[in-house]
Amino acid sequence: VQLQAFGGGLVQVGGSLRLSCAASGNIFSFNAGWYRQAPGKQRELVALISNQGSTAYADSVKGRFTISRDNAKKTLYLQMNSLKPEDTAVYYCAMGALVVPNTYWGHGTLVTVSS
């Protein structure tokens, strides 16, 4: 399965963006997640969604970000609201069978939040 993430860009503080991750094959059996890596920092997990639709979030984004999926469209989403400068990072999508998926990765999309 190949993943392609898109939707990043430059946004002002308090703004919103929606990231998408399109898959080349069926994703209904996969758990999925969004990760991010800020300059000089390690990659961190942002949000997870199981193949049953259960979700989990990092404390830093809880209440502001929403992960969702559309299996029919083979697409994973991340709605990001109330963006902060510390949300600036390259965002990656990942899918796989593990609870914390890491088998298939997208190339990443850059989100820059300006103050």
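Before moving on, here are some points about what is shown:
- Residues located in region 48-61, provided they are of a type outside the set (S, T, N, Q), free of Cβ contacts under 8 Å to residues at least 40 places away in the same chain and part of a strand (DSSP E or B): Ile49, Ala56, Tyr57
- Assessment of region 32-47 against the conditions (among the basic types (Lys, Arg), open to solvent by less than 30 Å² (accessible area, probe 1.4 Å) and in a strand (DSSP E or B)) yields at least one matching residue.
- Residue list for region 62-115, filter: under 11 Å from the mean Cα position of the chain (by Cα), β-branched (Val, Ile, Thr) and in a loop (DSSP other than H, G, I, E, B): none
- Scan region 58-115 for residues that are among the small types (Gly, Ala, Ser), at pLDDT below 95 and touching a Leu at 6+ places or on another chain (Cβ under 7 Å) and the total you get is 1.
The values are calculated or read from the model by the stated rules, or taken from the named source; none is laboratory data. Please read these numbers as outputs of a predicted model, since none were measured by experiment. Cβ sites come from the backbone with ideal geometry, for glycine too, and all protein chains shown count toward neighbours. Side chains are part of the model used for accessible areas, which takes the heavy atoms of the whole protein and leaves out ligands, DNA and RNA. Shrake-Rupley method; radii C 1.70, N 1.55, O 1.52, S 1.80 Å.
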